[in-house]
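Encoded as structure tokens, the structure appears first; notes follow it.
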Amino acid sequence: MMSEKIKVTRGHETGASTIKISIQGMGCVSCVSKIEESLRKTPGVLKASVNLGTEEANVEYAPSLTNPAALKGVIESTGYKASIPSATGETEDKKEIARAKEYRTLMRKFIFAGIVSIVVMILSYPDWFPYLKDIPDDVLRIIWMITGLITLSVLLWSGSSFFTGAISAFRHRFADMNTLIVIGTSAAWVYSGIAVLFPQIFPEGTAEPFYDVVSVVIALVVLGQAMEIRARGKSSEAIKKLIGLQPKTARVIREGKEIDIPVEEVLAGDILIVRPGEKMPVDGVVVKGSSFVDESMVTGESIPVEKKEGDEVIGATINKRGSFTFRATKVGKDTALAQIIKMVQDAQGSKAKIQRIADIVAGYFVPIVMVISILAFMVWFDFGPQPALVYALVTSVSVLIIACPCALGLATPISLMVGLGKGAENGILIRSGEALETAHKLDAVVLDKTGTITVGEPSLTDVISAKGFKEEDVLGLASSVEKGSEHPLGESIVKEAGKRGIDIKDSKDFKAIPGHGVEAMVDGKKVFLGNLKLMKAMKISLDSLGEKAERLADEGKTPMFVAIDKEAAGIIAVADTVKPDSREAITIMKGMGLEVVMITGDNQRTAQAIANEVGVDRVMAEVLPEDKALNIKKLQSEGKKVAMVGDGINDAPALAQADIGLSIGTGTDVAIEASDITLIQGSLKGVALSIQLSRATMRNIKQNLFGAFIYNMLGVPIAAGVFYPFFGILMSPIIAGTAMAFSSVTVVTNANRLRRFRPRNL
């Protein structure tokens, strides 16, 4: 999948092309290092990052110096299969097919190796079986020769991928997991062959074969790889679910006829028909009819949303009832769902900082293990009990086989894959693994007021009538004056009057009084609508209405006086109302130990009123748009890790300045582009959920890394025989192979526990 970068995001210059290349055959983090180094050495490559979890390379390059085909060739030259995806759905389908094929191949290799292992175990230990106890030594040697040939078939077929991987690594001056397995099993097979053919050159009691080690270890490691591939497939279920939402066909009106066509053939501007129960094939705008649409796959909101003429619809959302036609506005890779899928895939292909530490450690891991294996052989051969040669061989082979760089390499990317996918399922789009990692360290969350804590548009909140007047009269006259007004406050008054079924009359002699309000004639009455200045200018007595207006202002509302023929008739209050769940979301955030700060350009009085309503303790009021980023810096200078949540263009600098920027998905494209996390639903609960998910993911990664490090720190010394002098513990290569085979599976399985993540208190 290739895209031309044309934007500047969070301070990073772009302008080069980027490409994703799928890779098959990677076994451990050493494979990742090998491919990355080869790509980075390629002229024209600016950045290269390979992800073991997603099995992809993300490459940024200069088109004038190299091209996708050349990059694919570089990867293949390192010994791996590479392919360039052409479309989102096709990418995942191909991956799934390739993964299933690889799983079947590995299982066939395991079954063959397993059957051979049973035979070899029986023939290798005749003393265990009554009917084989009395076989003469010369006959037994012949049987062992046959066993060696059978085992060789396991080594060369079931273990073929280890040899091709090790040879490729050797060519590029690398050593990886394949190198360890090949050296260990080959050493055991060669020793066994020499012991069978030339027993006289060995000390007494040491000329016995280890063919069972070869076949059983190969069988177990191959089984572990098969189980790992199956578990990895579950890790990408979020992407598969998103892709599965895409409808395959669309009903389009062309030349006056309704025809069904593949969704890929829909063009922008086409008119489409959607019936009850059907999915929207693409994004568009309703042109005729109405319905209720289930948008939960995008917003996470389970309640269907009413759609009527002029409303936007999103591809893959479900039409619940009613039939309508709509005009396609975004098709193919431009649809909202395609963009969501791409963002999640890009994020899953990124790396977190903690992963780089694991990569560095793993880079030195294989050479260190090989040195330990050699030292173990030397120590046991020189100082070990008899038969010293056997002990030396067993310990050195066990060290090579038990060491597992795969677990280290998979510890982080698999957890990130699952965590980022889980976020997408909950309407949270996280731009990168680094953003997900940083979110768990947050101390403070700064919330923009307008459009974030509040709805973002004014609505009528109070109608208070003076003595001798009715509320409906006050609202009716005010809405009649504002009829046709384009001012947001006026629109909110007219809208509320319409909801209440109040008759809105025509007005005459309308006049706007700058900084004061408006006046007009309605039904022969002179109606004034405006602020306190207007009332004073017209010398209208307010009596108790003045105190009521002050109370409303203290609550963060904008009071407007209504006067009829210079007599005060009442007050209409308008405010940008708080979102229904803002207070609950803020309470949850505070319960998570976060300091919640509100930032706004409103005056201190209005800002404090909203803060009191939602439970925010710290308020930054009267902040100019250009100063929002400066206020974020001040919080950071206090030693805090700060998240900024906003939705407007003026929030973009602050979003970029913050350690983590979260944009409300209903906001502007600029704000979304400048942020690290996008909350599609627009609810502040998404902020708490994002941080909870980050904490859960990082906890899971640390568990994986701890397990992988501890496994190797304990496993390698035990295999080397460090505990033998004290406790008599010595590990057989077969046990080492079993442990190695299942270490990666354990890491992947633990990562998949994140799929059961459930937000707390949300």
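The values are calculated or read from the model by the stated rules, or taken from the named source; none is laboratory data. This structure is a prediction, so every number in the text was calculated from the model and none was measured. FYI the Cβ positions are ideal-geometry reconstructions off the backbone, even for glycines, and counts take in every protein chain you see. Accessible surface is based on the protein model in full, side chains and every heavy atom, while ligands, DNA and RNA are left aside. Shrake-Rupley method; radii C 1.70, N 1.55, O 1.52, S 1.80 Å.
Quick notes
- In this structure, the amide hydrogen of SER17, modeled 1.01 Å from its nitrogen in the peptide plane, lies closer than 5 angstrom to those of TYR61, counting only residues at least 5 positions away or on a different chain.
- Relative to the longest principal axis of the Cα atoms of the chain, the long axis of helix 68-77 lies at roughly 30 degrees.
- The accessible surface of the chain, taken with every protein chain in place and a 1.4 Å probe, is 58 percent carbon and sulfur.
- A 1.4 Å probe, protein heavy atoms only, puts the accessible area of SER507 near 40 Å².
- Accessible area expressed per residue, region 243-282, with surrounding protein chains retained (probe 1.4 Å, Å²): 58
- Taken over the C-alpha atoms, region 433-559 has Rg and Dmax values of 19.4, 67 angstrom.
- Angle of helix 488-499 to the longest C-alpha principal axis of the chain, folded into 0 to 90 degrees and rounded to 10: 80°.
- The calculated FRET efficiency for the pair ALA69 and LYS536, based on their C-beta separation and a Förster distance of 60 Å, comes to about 0.20.
- Calculated mean residue ellipticity, 222 nm, the chain: -16000 deg cm²/dmol, from DSSP H runs (n ≥ 4) at -39500 (n - 2.57) each, averaged per residue and rounded to 500.
- For ASP659, the solvent-accessible surface computed with a 1.4 Å probe is close to 50 Å², ligands and nucleic acids excluded.
- Fully extended contour minus Cα-Cα distance, from LYS566 to MET378, at 0.36 nm per residue: 57.0 nm
- In Å², nearest 10: area of LYS505 left accessible to a 1.4 Å probe: 80
- Inter-site label distance for LYS590 and VAL722 at 7 Å from Cα along Cβ, in nm: 5.1
- ALA512-VAL285 FRET efficiency (beta carbon distance; Förster radius 30 Å; 0.05 resolution): 0.35
- Structural descriptor for region 453-510: relative contact order 35 percent, calculated from alpha carbon pairs under 8 angstrom and at least 6 residues apart.
- On Cα atoms only, tilt of 336-348 relative to the major axis of the chain in degrees: 40
- Extension reserve of the GLU37-LYS499 stretch, reckoned as 0.36 nm per residue once the Cα distance is removed: 159.8 nm
- All Cα-Cα distances of the chain, cut into 20 Å bins from zero to the largest, leave 14, 35, 28, 15, 6, 2, 0 percent in each bin in turn.
- Cut-off under 5 Å, modelled amide H: who pairs with GLY682 long-range: GLY665, THR666
- Net length gained if the chain between GLU309 and LEU156 were fully extended (0.36 nm per residue, minus Cα distance): 48.4 nm
- Calculated P(r) tail over 20 Å for region 509-654, as whole % of Cα pairs: 60
- Each Lys and Arg adds +1 at its Cβ and each Asp and Glu adds -1 at its Cβ; summed about the Cα centre, the chain shows a dipole of about 540 debye.
- Spin-label model, SER637 to ARG695: label points 7 Å out along the Cα-to-beta-carbon direction sit 3.0 nm apart.
- Between ASN603 and ARG755, the simple spin-label model (points 7 angstrom out along Cα→Cβ) gives 5.7 nm.
- Going by accessible surface with a 1.4 Å probe and the largest first, TRP380, TRP189, TRP157 read TRP157, TRP189, TRP380.
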